[in-house]
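Take a look at the structure below.
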Amino acid sequence: GFYTPSSGEIRINDHPMHEYDPDALLGLFAAVFQDAALFPFTVAENVALQPKKKLEAWRVDISLRQAKLQEHIQSLPDGADSQMLKVVTNAGVVLSGGQAQKMFLDEPTAALDPIAESAQYKAYEELCFGKSSLYISHRLASTMFCDRIALMKDGRIAEWGTHEELMALHGDYAHMYEIQSHYYQDQADEEGAGA
(Lines give C-alpha, C1' and ligand atoms only; values in the text may rest on other atoms or scores of the structure.)
Protein backbone atom coordinates (compact mmCIF):
# COMPACT_ATOMS: atom_id res chain seq x y z
CA GLY A 1 0.00 0.00 0.00
CA PHE A 2 2.97 2.38 -0.22
CA TYR A 3 2.10 3.14 -3.84
CA THR A 4 -1.22 3.30 -5.65
CA PRO A 5 -1.22 0.90 -8.62
CA SER A 6 -1.22 2.62 -12.00
CA SER A 7 -3.61 -0.07 -13.25
CA GLY A 8 -5.61 -2.84 -11.64
CA GLU A 9 -6.14 -3.04 -7.90
CA ILE A 10 -4.83 -4.76 -4.81
CA ARG A 11 -7.41 -6.96 -3.12
CA ILE A 12 -7.39 -8.49 0.36
CA ASN A 13 -9.86 -11.30 1.03
CA ASP A 14 -11.48 -10.36 -2.27
CA HIS A 15 -12.10 -6.73 -1.19
CA PRO A 16 -10.32 -3.71 -2.70
CA MET A 17 -7.55 -2.57 -0.39
CA HIS A 18 -8.90 1.00 -0.26
CA GLU A 19 -11.96 -0.31 1.63
CA TYR A 20 -9.76 -1.12 4.64
CA ASP A 21 -8.62 1.32 7.34
CA PRO A 22 -5.00 2.25 6.44
CA ASP A 23 -3.93 2.24 10.12
CA ALA A 24 -5.36 -1.26 10.58
CA LEU A 25 -3.43 -2.48 7.52
CA LEU A 26 -0.19 -1.04 8.87
CA GLY A 27 -0.72 -3.13 12.00
CA LEU A 28 -0.97 -6.30 9.90
CA PHE A 29 1.81 -5.87 7.35
CA ALA A 30 5.46 -4.93 7.52
CA ALA A 31 8.05 -4.35 4.84
CA VAL A 32 11.76 -5.00 5.19
CA PHE A 33 13.68 -2.66 2.92
CA GLN A 34 17.13 -3.30 1.57
CA ASP A 35 18.34 0.27 2.06
CA ALA A 36 18.14 0.30 5.86
CA ALA A 37 20.50 2.40 7.97
CA LEU A 38 21.83 2.40 11.52
CA PHE A 39 21.43 5.56 13.58
CA PRO A 40 23.71 7.02 16.30
CA PHE A 41 21.30 5.94 19.06
CA THR A 42 21.40 2.90 21.33
CA VAL A 43 21.20 -0.64 19.98
CA ALA A 44 17.72 -0.95 21.50
CA GLU A 45 16.51 2.26 19.85
CA ASN A 46 17.84 1.05 16.49
CA VAL A 47 16.07 -2.29 16.86
CA ALA A 48 12.76 -0.84 18.08
CA LEU A 49 12.88 2.36 16.02
CA GLN A 50 11.42 4.02 19.11
CA PRO A 51 12.88 6.51 21.59
CA LYS A 52 14.21 4.85 24.74
CA LYS A 53 11.27 5.97 26.89
CA LYS A 54 8.77 4.32 24.51
CA LEU A 55 10.47 1.04 23.65
CA GLU A 56 9.68 -2.29 25.25
CA ALA A 57 12.91 -4.01 26.29
CA TRP A 58 11.41 -7.50 26.11
CA ARG A 59 10.54 -6.96 22.43
CA VAL A 60 14.09 -5.77 21.73
CA ASP A 61 15.46 -8.90 23.45
CA ILE A 62 13.23 -11.15 21.36
CA SER A 63 14.25 -9.37 18.16
CA LEU A 64 17.95 -9.65 18.98
CA ARG A 65 17.52 -13.33 19.82
CA GLN A 66 15.69 -13.98 16.56
CA ALA A 67 18.43 -12.17 14.62
CA LYS A 68 21.05 -14.29 16.43
CA LEU A 69 22.63 -11.11 17.83
CA GLN A 70 21.59 -11.30 21.49
CA GLU A 71 24.76 -12.97 22.73
CA HIS A 72 26.99 -10.39 21.03
CA ILE A 73 24.92 -7.44 22.23
CA GLN A 74 24.81 -8.78 25.81
CA SER A 75 28.62 -8.97 25.77
CA LEU A 76 28.85 -5.18 25.24
CA PRO A 77 29.50 -3.07 28.37
CA ASP A 78 26.02 -1.51 28.25
CA GLY A 79 24.25 -4.34 26.42
CA ALA A 80 21.31 -3.11 24.35
CA ASP A 81 21.80 0.35 25.87
CA SER A 82 25.17 0.65 24.12
CA GLN A 83 25.49 3.65 21.83
CA MET A 84 25.80 2.70 18.17
CA LEU A 85 28.29 4.18 15.74
CA LYS A 86 31.19 6.46 16.55
CA VAL A 87 29.36 9.63 15.52
CA VAL A 88 28.38 10.80 19.02
CA THR A 89 31.03 8.99 21.05
CA ASN A 90 34.25 7.14 20.27
CA ALA A 91 32.92 4.30 22.42
CA GLY A 92 30.05 3.72 19.95
CA VAL A 93 29.43 0.16 18.77
CA VAL A 94 30.14 -0.63 15.15
CA LEU A 95 28.62 -3.91 14.01
CA SER A 96 30.39 -6.05 11.45
CA GLY A 97 28.89 -6.05 7.98
CA GLY A 98 27.32 -9.46 8.58
CA GLN A 99 25.84 -8.41 11.93
CA ALA A 100 24.30 -5.28 10.41
CA GLN A 101 22.89 -7.38 7.55
CA LYS A 102 21.26 -9.71 10.09
CA MET A 103 19.71 -6.78 11.94
CA PHE A 104 17.94 -5.61 8.79
CA LEU A 105 17.64 -8.84 6.78
CA ASP A 106 19.60 -6.94 4.13
CA GLU A 107 20.91 -9.86 2.14
CA PRO A 108 21.86 -11.34 5.51
CA THR A 109 23.65 -14.29 3.95
CA ALA A 110 25.72 -12.51 1.29
CA ALA A 111 28.99 -12.80 3.23
CA LEU A 112 28.33 -16.22 4.77
CA ASP A 113 29.68 -19.63 3.85
CA PRO A 114 27.07 -22.20 2.69
CA ILE A 115 26.68 -23.84 6.13
CA ALA A 116 26.15 -20.52 7.95
CA GLU A 117 23.85 -19.40 5.12
CA SER A 118 21.70 -22.52 5.55
CA ALA A 119 21.46 -21.86 9.31
CA GLN A 120 20.34 -18.27 8.61
CA TYR A 121 17.56 -19.49 6.29
CA LYS A 122 16.42 -21.94 8.97
CA ALA A 123 16.27 -19.07 11.49
CA TYR A 124 14.20 -17.01 9.03
CA GLU A 125 11.85 -19.95 8.50
CA GLU A 126 11.35 -20.24 12.29
CA LEU A 127 10.80 -16.47 12.56
CA CYS A 128 8.02 -16.63 9.96
CA PHE A 129 6.28 -19.72 11.38
CA GLY A 130 2.52 -19.15 11.51
CA LYS A 131 2.77 -16.01 9.38
CA SER A 132 2.61 -15.26 5.69
CA SER A 133 5.87 -13.97 4.28
CA LEU A 134 6.69 -12.84 0.76
CA TYR A 135 10.39 -13.48 0.33
CA ILE A 136 12.05 -11.95 -2.73
CA SER A 137 15.50 -13.19 -3.69
CA HIS A 138 17.80 -13.74 -6.65
CA ARG A 139 19.78 -16.32 -4.64
CA LEU A 140 17.88 -19.52 -5.36
CA ALA A 141 19.55 -21.45 -2.53
CA SER A 142 17.45 -19.25 -0.25
CA THR A 143 14.16 -20.40 -1.78
CA MET A 144 14.30 -24.06 -0.77
CA PHE A 145 12.55 -23.44 2.56
CA CYS A 146 9.65 -21.59 0.90
CA ASP A 147 6.28 -23.35 0.66
CA ARG A 148 5.72 -21.99 -2.86
CA ILE A 149 8.08 -20.34 -5.31
CA ALA A 150 7.04 -18.00 -8.10
CA LEU A 151 9.63 -17.42 -10.81
CA MET A 152 8.96 -14.05 -12.42
CA LYS A 153 9.79 -13.42 -16.06
CA ASP A 154 8.76 -10.42 -18.15
CA GLY A 155 6.49 -9.18 -15.34
CA ARG A 156 4.53 -12.43 -15.09
CA ILE A 157 4.70 -15.68 -13.12
CA ALA A 158 6.50 -18.04 -15.49
CA GLU A 159 6.87 -20.99 -13.10
CA TRP A 160 5.13 -21.83 -9.81
CA GLY A 161 5.58 -24.64 -7.28
CA THR A 162 7.82 -26.07 -4.62
CA HIS A 163 11.58 -26.29 -5.12
CA GLU A 164 11.26 -29.97 -6.01
CA GLU A 165 8.41 -29.35 -8.46
CA LEU A 166 10.31 -26.57 -10.23
CA MET A 167 13.48 -28.65 -10.44
CA ALA A 168 11.44 -31.49 -12.03
CA LEU A 169 10.15 -29.05 -14.71
CA HIS A 170 13.73 -28.54 -15.99
CA GLY A 171 12.75 -24.97 -16.86
CA ASP A 172 14.27 -21.58 -16.10
CA TYR A 173 14.25 -22.08 -12.31
CA ALA A 174 16.10 -25.42 -12.56
CA HIS A 175 18.60 -23.94 -15.02
CA MET A 176 19.35 -20.93 -12.80
CA TYR A 177 19.53 -23.10 -9.68
CA GLU A 178 22.06 -25.42 -11.34
CA ILE A 179 24.23 -22.46 -12.38
CA GLN A 180 24.17 -20.99 -8.88
CA SER A 181 24.75 -24.36 -7.19
CA HIS A 182 28.09 -24.67 -9.03
CA TYR A 183 29.21 -21.52 -7.24
CA TYR A 184 28.43 -23.10 -3.88
CA GLN A 185 30.22 -26.33 -4.80
CA ASP A 186 33.29 -24.41 -6.01
CA GLN A 187 33.31 -22.36 -2.78
CA ALA A 188 33.00 -25.52 -0.63
CA ASP A 189 35.85 -27.18 -2.58
CA GLU A 190 38.10 -24.12 -2.05
CA GLU A 191 37.31 -24.05 1.68
CA GLY A 192 37.99 -27.79 1.97
CA ALA A 193 41.34 -27.44 0.15
CA GLY A 194 42.38 -24.62 2.48
CA ALA A 195 41.63 -26.67 5.62
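The values are calculated or read from the model by the stated rules, or taken from the named source; none is laboratory data. This one's a predicted model, so the numbers in the text were calculated from it and none came from an experiment. Here the Cβ is made from the backbone with ideal geometry for all residues, glycine too, and neighbour counts use every protein chain on show. Areas reflect the complete protein model, heavy atoms only, side chains present, ligands, DNA and RNA absent. Shrake-Rupley method; radii C 1.70, N 1.55, O 1.52, S 1.80 Å.
The residues of the chain expose, per residue, 71 Å² of accessible area to a 1.4 Å probe.
Measuring r between the beta carbons of Asp21 and Ser137 and using R0 = 25 Å, the FRET efficiency lands at 0.20.
Bridging of Lys68 to lysines at a Cα separation below 21 Å is possible for Lys102, Lys122, Lys131, once same-chain residues fewer than 8 apart are set aside.
Amide H contacts of Ile12: Met17, each under 5 Å away and 5 or more positions distant or on a separate chain (H built 1.01 Å from N in the peptide plane; Pro and chain starts excluded). Taking the DSSP beta bridges with both ends in the chain, the antiparallel portion is around 90 percent. For the chain, carbon and sulfur atoms together expose 55% of the accessible surface, with a 1.4 angstrom probe and every protein chain in place. The alpha-carbon of Lys54 sits under 21 angstrom from the alpha-carbon of none of the lysines, leaving out residues fewer than 8 places away in its chain. Estimated from helical segments only, the mean residue ellipticity of the chain at 222 nm is -12000 deg cm²/dmol, where each DSSP H run of four or more residues counts as -39500 (n - 2.57).
Once backbone amide H atoms are built at 1.01 Å from N, Ala158 has Leu151, Met152, Lys153 as its partners under 5 Å, excluding neighbours fewer than 5 places away on the same chain.
In the chain, which longest range has no GluC sites (Glu not before Pro) that are both DSSP loop (not H, G, I, E or B) and surrounded by at most 12 other Cβ atoms within 10 Å?
Numbers: sites that count: Glu9, Glu56.
Result for the longest clean stretch: 57-195.
For P(r) over Cα pairs in 5 Å bins from 0, in percent, computed directly from the structure shown, the correct entry in (i) 1, 7, 12, 16, 17, 15, 11, 7, 5, 4, 2, 1, 0, 0, 0; (ii) 1, 7, 16, 20, 22, 18, 10, 4, 1, 0; (iii) 1, 6, 11, 14, 15, 15, 13, 11, 8, 4, 1, 0 is (iii).
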